[in-house]
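*Asks:* Dropping the structure in here first, questions after.
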Amino acid sequence: MTGYMEMAKCNRKQRLLGKSIRRIRMRRNMTQRELANAAGLGESAFRSYELGERSPKQNTLERIAKALDVAPACFDTYGIEHYDELMHALFLSEEAFGIKPCADGSIRFTDKTIQSCVCTWWSWKEFLKEGKITREEYENRKDSFLR
């Protein structure tokens, strides 16, 4: 049973990675062929990555990220799709990143670097709300953050 669970977890991660690559490719208005060529990959290999049938090696993922002009980390979903998974990710991050739960249900970050990053993110949200940037510009900023 353990082998099956590991395989299902691997397949799920591949599928989520493929969805993430596809989402950004579509926002860039690129075809699979165009992105495969820009990343120096065969079209069929790229298609299998995007469909979640295969997992690209790290250097291949970096080439895809470079072709899309994004940070490679933006592809990682960390396997989080459900509330329980997010909560456990927060529990694991509590000590490492100074996350503190608040009585009102919000989260406070005590780590100054994380605070700065979150403030930057907040400013982008404000720019979007005020119409100073488009939704596409907002998404691009998130995708290339700390690249």
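*Asks:* For K142, give me every one of the lysines with a C-alpha distance below 22 angstrom, ignoring sequence neighbours fewer than eight places off in its own chain.
*Replies:* K13, K19, K66, K112, K125, K129, K132
*Asks:* Suppose R0 equals 35 Å; then what is the FRET efficiency for D111 and R23 from their Cβ-Cβ distance, rounded to the nearest 0.05? Could the numbers behind the result be given before it?
*Replies:* Working: r = 29 Å, r/R0 = 0.82.
With R0 = 35 Å, the Cβ-Cβ based efficiency is 0.75.
*Asks:* So which helices of the chain fit the span-like rule, where a helix is a whole DSSP H run, its Cα atoms reach 24 Å or more along the axis, and its mean Kyte-Doolittle is at least -0.5? Intermediate results must be reported in sequence, preceding the final value.
*Replies:* Working: long enough: 2-27 (38 Å, -1.01); 112-129 (25 Å, -0.23).
Correct list, ordered by number: 112-129.
*Asks:* Follow-up. Quick one: putting +1 on the C-beta of Lys and Arg, -1 on the C-beta of Asp and Glu, what dipole do you get for the chain around its Cα centre, in Debye to the nearest 20? Could you put the intermediate results ahead of the total?
*Replies:* On the way: 26 positive and 21 negative charges, 98 e Å.
Dipole size: approximately 480 debye.
*Asks:* Using unit Cβ charges (K, R positive; D, E negative) and no other charged atoms, how large, in debye to the nearest 20, is the dipole of segment 2-75 about its Cα centre? Numbers along the way, then the final one.
*Replies:* Details: 16 positive and 7 negative charges, 44 e Å.
Value, rounded to 20: 220 debye.
*Asks:* Ok, one more. Would you calculate a helix-derived [θ] at 222 nm for the chain, using -39,500 (n - 2.57) for each DSSP H run of n ≥ 4 and dividing by the full residue count, to the nearest 500?
*Replies:* Details: 7 runs with 95 residues, N = 147.
My calculation for the chain gives -20500 deg cm²/dmol from helical runs alone.
*Asks:* Sticking with this structure for a sec: Evaluate E = 1/(1 + (r/R0)^6) for F97 and R47, where r is the Cβ-Cβ distance and R0 equals 22 Å; express this FRET efficiency to the nearest 0.05. Intermediate values should be presented prior to the final figure.
*Replies:* Details: r = 36 Å, r/R0 = 1.66.
The value I calculate is 0.05.
*Asks:* Follow-up. Pull up all non-local amide H partners of G52: gap of 5 or more, or a different chain, and H-to-H distance under 5 Å with H placed in the peptide plane.
*Replies:* Amide H neighbours of G52, under 5 Å, 5+ apart: G18.
*Asks:* Mind checking which of A96, F145, G52 is farthest towards the positive end of the chain's charge dipole, using Cβ charges of +1 (Lys, Arg) and -1 (Asp, Glu) about the Cα centre?
*Replies:* Comparing the listed Cα positions along the dipole, G52 ranks first.
Here, each number is a calculation from the coordinates, and none is a lab measurement. As the structure is a computational prediction, the values presented were derived from the model and not from experiment. When we count neighbours, we look across all protein chains shown, and the Cβ atoms used for this are built from the backbone with ideal geometry, even at glycine.
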